[in-house]
Amino acid sequence: MMYQPHYWRRHVIGPIGIREVGGVIGVDANYAVFRTMPDKLPEVFHLGRCLEKITHEDGCPKFRGKLCVFDPLRTKNSLVSPV
């Protein structure tokens, strides 16, 4: 087996910043992804920050954009799987 089975636990911490400019709401939040394998302790796999833009159309919130910026010093291996 090339890769061990593992589980990811995602945590969004925040929001840490909320602002509104011209009807667009900007929300910033930090996130962490922890990886757990059956025979090992959990480890920090990925850390970063999400920058999201939200608008309202017909009274419903809609995402206008989402940008995730990760910390390359805290990222294990290469990113071959979406987090």
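Throughout, read-outs are computed from the coordinates displayed, never taken from laboratory work. Keep in mind the model is a prediction, meaning the values are calculated, not measured.
Among the aspartates and glutamates, which fall within straight-line cross-link reach of Lys62, defined as a Cα-Cα distance under 18 Å, with same-chain neighbours fewer than 8 residues apart omitted?
Cα-Cα hits under 18 Å: Glu20, Asp28, Glu52.
Which whole-angstrom value gives the distance between the alpha carbon centres of segment 6-24 and segment 57-71?
10
Output wanted: per-residue J couplings in Hz (rounded whole) for segment 5-18, from phi through Karplus 6.51 cos²θ - 1.76 cosθ + 1.60, θ = phi - 60°, x for Gly and Pro.
Listing the rounded values in order: x, 8, 10, 10, 10, 9, 10, 9, 10, x, x, 9, x, 10 Hz.
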